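J.: My questions all concern the structure below.
FYI, it's all coordinate maths here, none of it is from the lab. In this text, all values refer to a predicted model and were calculated from it rather than measured experimentally.
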Amino acid sequence: NWDMIWDFLGQIISSLIFLAPAGILFYFLYKSYIFDFQNGYFYDTRLTKKLFEFLHQEKYKDKIIPISEIHGLQIISEWVHGKNTSYTSYELNMILKDSRRVNIIDHGNIEEIRKNADELASKLWVKVYDITQFYTENFY
């Protein structure tokens, strides 16, 4: 009987040793953001339950952003060098009134990110600054 219990506990511990790092990695890599137009904030959905508690804490100033502080949207490109491949990646960033930039999304498809930016800009009533056209014409 004890052998079965120890085998069972060994299997649980082995599973936890494997799953715990995967869970921690998933937590830090998986980011889901929301534009909450009802409350007027852009934030990481993991903060939803304590949004108003964290609202004015310095630690969260890049994680909870008043929509009214968004000046515009910026699309930039970067050349990503991988071990076996290289490609152009595109970022959609918010430009805040205090000049900070906050990343919204990274994407490999320029047409899709432009479409996302235009849709979002129309809801935010801000301009899109597509810097990729400048770099494409002058540097590639």
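J.: Let's test this: bin the Cα-Cα distances of the range 56-140 at 5 Å from zero up to the farthest pair and state each bin's percent.
T.: Taking all Cα pairs of the range 56-140, the binned fractions are 3, 13, 23, 22, 17, 12, 7, 3, 1 percent.
J.: Now, a different point. Kindly write out, for the range 86-101 in residue order, the coupling ³J(HN,Hα) from the Karplus curve 6.51 cos²θ - 1.76 cosθ + 1.60 (θ = phi - 60°), rounded to whole Hz, with x marking Gly and Pro.
T.: Result, ordered by residue: 9, 7, 8, 10, 10, 10, 10, 10, 8, 9, 8, 4, 8, 6, 6, 10 Hz.
J.: Given H placed 1.01 Å from N in the peptide plane, which residues other than close sequence neighbours of Asp36 have an amide H under 5 Å from its amide H?
T.: Tyr41, Phe42, Tyr43
J.: Under 24 Å Cα-Cα from Lys59, which lysines qualify once same-chain neighbours fewer than 8 residues away are excluded?
T.: Within reach: Lys31, Lys49, Lys50, Lys97.
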